[in-house]
Each structure stands twice: as structure tokens, then as C-alpha cells.
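> A single structure is presented below for examination.
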Amino acid sequence: DTAVSQTPKYLVTQMGNDKSIKCEQNLGHDTMYWYKQDSKKFLKIMFSYNNKELIINETVPNRFSPKSPDKAHLNLHINSLELGDSAVYFCASSQVSGGVGNEQFFGPGTRLTVL
Amino acid sequence: AQSVTQPDIHITVSEGASLELRCNYSYGATPYLFWYVQSPGQGLQLLLKYFSGDTLVQGIKGFEAEFKRSQSSFNLRKPSVHWSDAAEYFCAVGARGYSTLTFGKGTMLLVSP
């Protein structure tokens with residue numbers, strides 16, 4: 001009964017490859033997010049989707065393309081992977097419409113290592 | 001632009017001693033404030049949150065935090081630390097509606113026997 005799940009948990013790949021990370025939430029929330037945590041543990045927002053619509057797109061290379069097939073899923077596809085993409089990627093969700101304070105629930109993270 | 005400062009990168013506390021982790025924020029409107037904890041190799045777990053009302057909020061695992069608007073602070077406290085509290089702690093600020101969270105850089109809590 002995991003609230004926010006991500007697959008895979010670990011991802012090791014070569015530079016130049018294309019990879020995807022999947023996220024699913026079973027909380028019935030209307031908004032989902034992708035955050036990147038770098039090697040110094042700093043967490044930064046990448047994207048935010050509300051009801052499958054892109055709401056927030058921070059300054060992220062266009063090699064990163066989020067896709068939300070429905071409200072419960074937000075996937076992250078990364079093209080032409082670079083060494084600097086190595087990080088932990090966290091998915092999160094929250095209920096914005098009718099919600100009180102945008103409390104976000106986080107998935108367990110996907111550790112991406114680019115060799 | 002909103003920002004969060006956690007001035008302590010590491011803190012070491014003896015087991016059973018009290019704990020206070022500092023957090024200062026900068027935000028133009030009424031802030032919504034959060035403390036999250038991240039154990040090694042794990043995701044982020046919400047400890048507590050402040051939206052409005054009573055400025056002293058209680059959270060899980062015996063943690064509490066106090067919102068002080070005049071000092072732009074939201075410090076996290078625990079009266080008696082357990083070894084299992086050793087983790088990374090993140091303070092975050094957000095807003096109602098379509099808003100993301102801005103995180104501080106985290107404070108690593110080490111617990112000594």
C-alpha cells in the first residue's frame with residue numbers, strides 16, 4: 001500500500017543512453033512533482049504537473065522530458081545522459097485543489113549513476 | 001524569491017540530550033513551513049508542518065517546531081534524542097496552491113552514545 005512509488009530504485013547506465021524513471025501515486029492527489037537531489041543532498045524542483053498539465057518547469061535541460069499519462073502517474077524520460085545527471089531523483093505528490101497547504105508526499109527515490 | 005537557510009551542516013548530540021535544528025526562511029507571503037527527515041538511502045518523510053494558527057506545532061516521533069514570524073524562523077526541537085533519530089533533516093517553505101517546495105541544504109544529525 002505504498003503511497004508514492006518509483007521504479008527503478010537504482011539505475012546505472014552509460015553516457016549518451018536514454019532512460020526513463022516511473023512514478024505512481026495511489027493517494028488520489030492531483031499534483032505530482034520531480035525533484036533532483038545532488039551529491040551534496042541539495043533538493044531542487046524540476047517539474048510539477050497538475051491534472052496531467054505541466055505547471056512548473058524549472059531551468060532543466062530539454063533532454064529531460066516529463067510525461068503524465070494520467071493523474072496517478074508522472075514519468076521522467078532523460079535523453080543523451082551526461083555525467084552531471086548522476087543524482088537521486090525524487091517523485092512527490094500533493095493535493096492542491098481543495099487542499100490545505102500543499103503537503104507533499106515523497107517516493108523512495110531513484111539513484112541514477114551515469115558512467 | 002523564496003529561500004531557506006539551515007545554518008548547521010552537521011550537529012552531533014548525545015543520546016538522551018535535547019536537540020534544536022535551526023531554520024530561517026525568506027518568503028514574500030504567508031509561508032507554509034515543513035520539516036522532513038531523510039534516513040540514509042531513504043525518501044523524505046514529513047515530520048511536521050505549519051500552515052496557520054498555533055505557532056508551536058507537534059509532529060511525529062516526538063518532534064515539535066515553533067514558528068516565529070518576527071525572526072523568520074521555524075526551528076525543530078526534540079527533548080530527548082534517540083540513536084534512531086540520526087538522519088538528514090530538511091526544512092522547506094511553500095505556499096498554498098500551485099507551489100513547489102524550496103528546501104534548505106539540510107542538517108545532518110549525528111547521535112553519539
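> For A:Gln95, state whether it is modelled with pLDDT under 95, farther than 16 Å from A:Ser20 by Cβ, touching a Ser or Thr at 6+ places or on another chain (Cβ under 6 Å) and within 14 Å of chain B (Cβ to nearest Cβ). Spell out how you get there, then give the answer.
Working: modelled with pLDDT under 95: yes; farther than 16 Å from A:Ser20 by Cβ: yes; touching a Ser or Thr at 6+ places or on another chain (Cβ under 6 Å): no; within 14 Å of chain B (Cβ to nearest Cβ): yes.
No; evaluated as a whole, the condition is false for this residue.
> While we're looking at this one, here's another question. Tell me yes or no: at least one residue of the range B:39-58 is within 12 Å of another protein chain (Cβ to nearest Cβ), within 18 Å of B:Lys105 (Cα to Cα) and among the hydroxyl-bearing types (Ser, Thr, Tyr).
Yes; the residues of the range B:39-58 include at least one that is within 12 Å of another protein chain (Cβ to nearest Cβ), within 18 Å of B:Lys105 (Cα to Cα) and among the hydroxyl-bearing types (Ser, Thr, Tyr).
> A further question follows. Which members of the range B:59-84 meet the condition of being more than 22 Å from B:Val13 (Cα to Cα) and either over 14 Å from the mean Cα position of the chain (by Cα) or away from chain A (no Cβ under 14 Å) (or both)? Full working, then the answer.
Step one: filter the range B:59-84 for residues more than 22 Å from B:Val13 (Cα to Cα), giving B:67-72.
B:Lys68, B:Arg69, B:Ser70, B:Gln71, B:Ser72, listed by residue number.
> Further, regarding this structure: Determine the pairs where a residue that is on the phi > 0 side of the Ramachandran plot, located within the range A:21-35, has a partner that is among the aliphatic types (A, V, I, L, M) with Cβ atoms under 9 Å apart, the partner being 6 or more residues away or on another chain.
A:Gly28/A:Ala72
> In the range B:62-113, how many residues are aromatic (Phe, Trp, Tyr), in contact (Cβ under 8 Å) with a residue 60 or more places away in the chain and assigned to a strand (DSSP E or B)?
The total comes to 3.
> A follow-up question, please. Tell me the residue from A:Val12, A:Val60 that is surrounded by 13 or more Cβ atoms within 10 Å (Cβ to Cβ) and out of contact with any Gly (no Cβ under 9 Å at 6 or more places or on another chain), please.
After applying the criteria, what remains is A:Val60.
> Could you list, in sequence order, the residues of the range A:1-24 that are within 11 Å of another protein chain (Cβ to nearest Cβ) and more than 15 Å from the chain's Cα centre (by Cα)?
Selection gives A:Thr2 alone.
> Looking at the structure I just gave you, is A:Leu27 of a type in the set (A, V, I, L, M), away from chain B (no Cβ under 11 Å), surrounded by fewer than 16 Cβ atoms within 10 Å (Cβ to Cβ) and part of a loop (DSSP other than H, G, I, E, B)?
Judged against the criteria, A:Leu27 is a match.
The values are calculated or read from the model by the stated rules, or taken from the named source; none is laboratory data. Since the model is a prediction, treat every value here as computed from it, not as a measurement. All Cβ positions, even for glycine, are placed from backbone atoms using ideal geometry, and neighbour counts span all protein chains on display.
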